[in-house]
Amino acid sequence: MVRNRRGHAARSLVCVCNRQPTLHCWFVSCVPQTSTMLRTVISQALPRLSRPAVCHFSAAAIPAPNTQPEVHYKKLFINNQWHDAVSGKTFPTINPATGEVICQVAEADAADVDKAVQAARNAFKLGSPWRRMDASNRGLLLHRLADAIERDAAYLAELETIDNGKPYAVSYMVDLPNVIKCFRYYAGWADKWEGKTIPIDGDFFCYTRHEPIGVCGQIIPWNFPLLMQAWKLGPALATGNTVVMKVAEQTPLTALYVASLIKEVGFPDGVVNILAGLGASAGAAIARHMDVDKVAFTGSTEVGHLIQQASGGSNLKKVTLELGGKSPNIILSDANMEDAVEQSHFALFFNQGQCCCAGSRTYVQADIYDEFVERSVERAKRRVVGDPFDLKTEQGPQVDQEQFNKILGYISSGKREGAKLLCGGGVAADRGYYIQPTVFGDVQDNMTIAREEIFGPVMQILKFKSLEEVVERANDTKYGLAAAVFTKDIDKANYVSHGLRAGTVWINCYDVFGAQAPFGGYKASGNGRELGEYGLENYTEVKTVTMKVPQKNS
Amino acid sequence: MPLNGAGVQQTEGSTAASPTEAKEDNMTDNGHQQQSDNGCNHQSPNQNHKPQHGDRPETQTLPMPVPDPPIQYTKLFINNEWHESCSGRKIPVYNPATGTLLCEVEEADTEDVDEAVRSARAAFQMGSPWRSMDASDRGQLLNKLADLVERDRLLLATLEALDSGKVFLMAYFVDLMATIKTLRYYGGWADKIHGKTIPVDGEYFTYTRHEPIGVCGQIIPWNFPVMMFAWKIAPALCCGNTVVIKPAEQTPLSALHMAALIKEAGFPPGVVNVVPGYGQTAGCAISHHMDIDKIAFTGSTALQPFICAHVYLTVEHAVEQAHSGLFFNQGQCCLAGSRVFVEGPIYEEFVHRSVEKARGKVLGNPLLPGVDHGPQIDQKQFDKIMELIESGKREGATLECGGSAWGQQGLFIQPTVFSNVTDDMRIAKEEIFGPVQLIMCFRTTREVIQRANATQYGLVAGVFTNDIDKALTVSSALQAGMVWVNCYNAMSVQCPFGGFKMSGNGRELGEYALQEYTEVKAVTIKISQKNS
């Protein structure tokens, strides 16, 4: 929470730069940089240090993308080998910018999950290379994986963009650097996850060992395919587990390429197994498998219920869930207007609105409401929607037809229930799953668009009067993933941030992620935490060893 | 400085890419496997006298020293630049195996230390590149440095062997491996040094920040020059401090090469400054400096007990461990197991086998294959060891083997074993820091605990027994910062190391070392209304 003055946004997932139509700026290098906006702030505060400040994407910073990257891996990755599905089935993965099929990918179901679990179980046997490996060498493997991903970053970014639709500039400058940092972060933890010795009563010597749980099933979503893979693999492997991962059927390609890197850098056979498949078949098979010790799922709250039930109905495997949200973003009247507008725009529209932590309820204090709405609409109208490989593009297509239809349905319900449609509201292109950046004003708390997760580029702006009122309204939801407050007043910032029922609260910023900081939900937004040291707990069994001693001495 | 053609252990070769295999190759990994297989992670393939017939299938791939290694760096490293000393004086650097002059190195004195401290202070200013750097980027710099050390591993090991007289393969497999692992380990800590938020009473919000202390003066010894360099700088840098480090006057070369790698890795100017010099001048200037915020020193220590009790089937193992626990690095280890206490019933056998082991040592030029025992570091140490050996003979200990100098040139001493040593002899009380093993006899556990603790030092100790109760009793009772059970010298970077009593303050290595390099700041903010 405490960072030096230079820069929250410099560390943030995306650093917003208000003067540039292409706003993202991500810092990959070891040399910290700041955005133009921040530089302005800093040059007033600290007359010092000419730090190179690069805000927009210069052509030099991003390698020109190959818009038709070749796909090398389309099969199931089990025991460090490539397999066809037992059933022989394949499914098409689609480029959402065009609606065209990229390629066919092997489709896992229960039989393939069995094979993968068997491989993972073998790799976890006592005395196996993986179990006997020094923790520091597990860390070194994760470091080597990060190095290999860094080497192939441009290709992976291309693949991510063609499969998911997110702008290439974002893939390359946001997703990939975060993936690399996440693996490096957990590489460091491998030999630092320490048990304790404990002064229990009596003539005993007592200590704890932090042991891996065993075979972990991991089911990840399509909105940040590579990043979600890193969030899941990093802590699981650092702590010595083995993994059966199911990647989303919309976006299997980058995960399978990373599988090839996992093999390349030398992870033993069976430690990581990666399957592409559908939730209802492969995902369900993992969740109810009797030989999977733990399941971690990121996705919708609806499916989260099913995962938890499947655990209860099978072997009571441990469950961690990172689910949906309807995160409040609260703008107090003393906030910096320009900054609050830009950040709130970014909080909702980033990644085509397909973020579980999207700031999808923007609460604005009454005395600045009109100006805020006006500026937000103006900003949304300026949002550049188009070809994700164009470096100027801020917003690409939604991931698939189903999401596309669902979002349009929510927009209709907003209009029907009386919210004021201020811009957008329709389809943005003739082909592909593009939706116009959409802003609703005068939204009421009981409207469907204020209660349900839309997962698209649709912003809801609500009005409030007092702090007490807004905290109560913000908390009146089944979700509790993230929240934000914009204010210059330290008392109000503390009051609101401590009062919100959410796993992450941002103050005067949004979507600031670091591998070091835990992320996860209150209430129906999930169980457990990912990232940070907390993320290790979800992949650890604690064993207490107590030994009789002849005589205790302190 | 890439080592073209050196070829044996390339940075990005299979070792780097595959830790699983690396483990089999590099016998120096610190881990359960080594401890259970060899009992001692400081063993290298060379330690059983015949590396060419060792159990490694690919013995021809043993690393070889760099022939006639270039000595590129002989100046003071201040603010990422090379400086001559203000006084113009130089330190002659000798090869202790031959007594020949290797080179001359600039000699830092008070004025140079002042300059180095100014540079470290400037690098620590608020808003400096170093202070405003992300912690994860500090970690990446340390990882980068580890990569560069790995790249130059052969050259560094060669310099180390030339300069300190330690056996090349030991330098390569032990010292350099430990150096690389230490840098990587602390690279990982940089962004994991957590403060806390604290539920204080009243309407307040309190949190702690773990901040770097500032300019750290670090003075390191000559027995493990490059490894000690890493032990000192890595935790200091991962916490965000800046450093003025003085390597020993006997062994400055590897530290200066490290300085060049620090610059190459991209550490900002002034973050690390390396000033070779003498203790009484440069060392004294560092420890008395008014603008140095923290001082870390590794130097003289003392006699570590090695207790062998009730060994049933593993006398051979215990002998081997006692042998390597003492003779490793020519006995020049602060943690050498110099007092070996052996229980009465196995005493005779233990002495007999220990003498056999000591006689099997191969002395010679430490760069040559097959050699596993090099010279002592310098004439002063040599004379002191010889004087103590004489006192042992005079005071009635039984000289079982060795006891005199070896060879026509260089500072070699024969591996020496004394038996029938009593606690009141000088050799049992004073630090020898040489290849002299003292074997004593004891009868009861209670007695040996009392005798082992009857010293003002308390760095490490070892106990060998199959009896779980005895192991727990003795290990709890020994007053030492590290106790090994059925192993010796099982050091690892994850595990804290430091002394009870007069053996030191604080701990190095492990998470504990971070405490030595951080100031904790509690920040308390008034809030309008507390809620849990």
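The values are calculated or read from the model by the stated rules, or taken from the named source; none is laboratory data. Keep in mind the model is a prediction, meaning the values are calculated, not measured. Cβ placement follows ideal geometry from the backbone for every residue including glycine, while neighbour counts extend to all protein chains displayed.
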Subject >> Complete set of residues in segment B:89-104 that are farther than 10 Å from residue B:165 by Cα, outside any strand (DSSP E or B) and among the β-branched types (Val, Ile, Thr) >> reply: B:100
**OP:** Identify the single condition in (1) among the acidic types (Asp, Glu); (2) closer than 20 Å to residue B:315 by Cβ; (3) touching a Ser or Thr at 6+ places or on another chain (Cβ under 7 Å) that residue B:431 does not satisfy, given that it satisfies every other one.
**Re:** (2)
Subject >> Test result for residue A:478, basic (Lys, Arg), in contact (Cβ under 8 Å) with a residue 60 or more places away in the chain and within 11 Å of chain B (Cβ to nearest Cβ) >> reply: no
Subject >> Filtered residue count, segment B:495-514, keeping only those that are crowded, with 19+ Cβ neighbours inside 10 Å and within 11 Å of chain A (Cβ to nearest Cβ) >> reply: 2
Subject >> Extreme residue, nearest to the other protein chains (Cβ to nearest Cβ), among residues of segment A:105-156 that are more than 20 Å from residue A:237 (Cα to Cα) and not in a helix (DSSP H, G or I) >> reply: A:152
Subject >> Top-ranked residue of segment B:508-529 - restricted to ones that are in contact with a helix residue (DSSP H, G or I) (Cβ under 6 Å, 6 or more places away or on another chain) and outside any helix (DSSP H, G or I), ranked as farthest from residue B:146 (Cα to Cα) >> reply: B:528
Original post:
Does residue A:488 satisfy the condition of being more than 10 Å from chain B (Cβ to nearest Cβ), over 30 Å from residue A:299 (Cβ atoms) and modelled with pLDDT of 95 or more?
Top reply: yes
Subject >> The one condition in (1) in a strand (DSSP E or B); (2) crowded, with 24+ Cβ neighbours inside 10 Å that residue B:206 fails to fulfil >> reply: (2)
Subject >> Condition met for residue A:332 (under 15 Å from the mean Cα position of the chain (by Cα) and either aliphatic (A, V, I, L, M) or farther than 23 Å from residue A:446 by Cβ (or both)) >> reply: no
**OP:** Among the numbered conditions (1) crowded, with 17+ Cβ neighbours inside 10 Å; (2) outside any strand (DSSP E or B), tell me where residue A:77 comes up short.
**Re:** (2)
Subject >> Selection count where residues are outside any helix (DSSP H, G or I) and closer than 13 Å to residue A:232 by Cα, scope segment A:537-546 >> reply: 2
**OP:** Hey, could you check segment B:515-532 for residues that are more than 8 Å from chain A (Cβ to nearest Cβ), out of contact with any Asp or Glu (no Cβ under 9 Å at 6 or more places or on another chain) and among the polar types (S, T, N, Q) and say which is surrounded by the fewest Cβ atoms within 10 Å (Cβ to Cβ)?
**Re:** B:532
**OP:** Search segment B:189-201 for residues that are over 23 Å from residue A:188 (Cβ atoms) and pair each with any residue that is outside any loop (DSSP other than H, G, I, E, B) and not β-branched (Val, Ile, Thr) when their beta-carbon atoms are under 7 Å apart and the residues are at least 6 apart or on different chains.
**Re:** B:198/B:207
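Among B:146, B:116, B:120, which is within 14 Å of chain A (Cβ to nearest Cβ), touching a residue at least 12 places away in the same chain (Cβ under 8 Å) and part of a helix (DSSP H, G or I)?
B:146
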Original post:
So, of the residues in segment A:509-536 that are within 14 Å of chain B (Cβ to nearest Cβ) and outside any loop (DSSP other than H, G, I, E, B), which turns out to be surrounded by the fewest Cβ atoms within 10 Å (Cβ to Cβ)?
Top reply: A:534
Original post:
Hey, residue A:294 hits all of (1) more than 13 Å from residue A:216 (Cβ to Cβ); (2) charged (D, E, K, R); (3) surrounded by fewer than 24 Cβ atoms within 10 Å (Cβ to Cβ) but one; which does it fall short on?
Top reply: (1)
**OP:** Please go through segment A:391-420 and pick out each residue that is out of contact with any Phe, Trp or Tyr (no Cβ under 8 Å at 6 or more places or on another chain) and without any contact (Cβ under 8 Å) to a residue 40 or more places away in the chain.
**Re:** A:402, A:405, A:408, A:409, A:412, A:413, A:415, A:416, A:417, A:418
**OP:** Run residue A:184 past the list (1) surrounded by fewer than 24 Cβ atoms within 10 Å (Cβ to Cβ); (2) over 27 Å from residue A:433 (Cβ atoms) and report the number of the one that doesn't hold.
**Re:** (1)
Original post:
Looking at segment A:360-401, which of its residues are in a loop (DSSP other than H, G, I, E, B) and closer than 26 Å to residue A:485 by Cβ?
Top reply: A:360, A:383, A:394
Original post:
Based on what the data block shows, is residue A:476 of a type outside the set (Ser, Thr, Tyr) and under 26 Å from the mean Cα position of the chain (by Cα)?
Top reply: yes
Subject >> Tally of residues being among the basic types (Lys, Arg) and in contact (Cβ under 8 Å) with a residue 60 or more places away in the chain across segment A:150-183 >> reply: 2
Original post:
So which of B:106, B:81, B:115, B:111 ends up being touching a Leu at 6+ places or on another chain (Cβ under 7 Å) and farther than 30 Å from residue B:370 by Cβ?
Top reply: B:106
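For every residue, the table says whether it meets (1) surrounded by fewer than 23 Cβ atoms within 10 Å (Cβ to Cβ); (2) of a type in the set (Ser, Thr, Tyr); (3) within 14 Å of another protein chain (Cβ to nearest Cβ).
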residue: B:162; (1), (2), (3): no, no, no
residue: B:172; (1), (2), (3): no, yes, no
residue: B:175; (1), (2), (3): no, no, no
residue: B:196; (1), (2), (3): yes, no, yes
residue: B:223; (1), (2), (3): no, no, no
residue: B:238; (1), (2), (3): no, no, yes
Original post:
Identify, please: which residue in segment B:265-281 is of a type in the set (S, T, N, Q) and not in a strand (DSSP E or B) and is, among those, nearest to residue B:117 (Cα to Cα)?
Top reply: B:281
**OP:** Go through segment B:215-259 and give me each residue that's assigned to a loop (DSSP other than H, G, I, E, B) and touching a Lys or Arg at 6+ places or on another chain (Cβ under 7 Å).
**Re:** B:220, B:240
Original post:
Pairs, please: C-beta under 8 Å, at least 6 apart or cross-chain, first residue within 18 Å of residue B:330 (Cβ to Cβ) and in segment B:390-418, second basic (Lys, Arg)?
Top reply: B:392/B:426; B:401/B:359; B:403/B:393; B:415/B:359; B:415/B:361
**OP:** Please list, ordered by first then second residue, the pairs with beta carbon atoms under 8 Å, 6 or more apart or interchain, first in segment B:341-369 and farther than 17 Å from residue B:438 by Cα, second outside any loop (DSSP other than H, G, I, E, B) and of a type in the set (S, T, N, Q).
**Re:** B:367/B:158; B:369/B:46; B:369/B:52
Subject >> Contacts under 6 angstrom Cβ, first residue in segment A:353-372 being farther than 20 Å from residue A:332 by Cβ, partner aromatic (Phe, Trp, Tyr), 6 or more apart >> reply: A:354/A:455
Original post:
On the given criteria, is residue B:452 touching a Leu at 6+ places or on another chain (Cβ under 7 Å) and under 25 Å from residue B:358 (Cα atoms)?
Top reply: yes
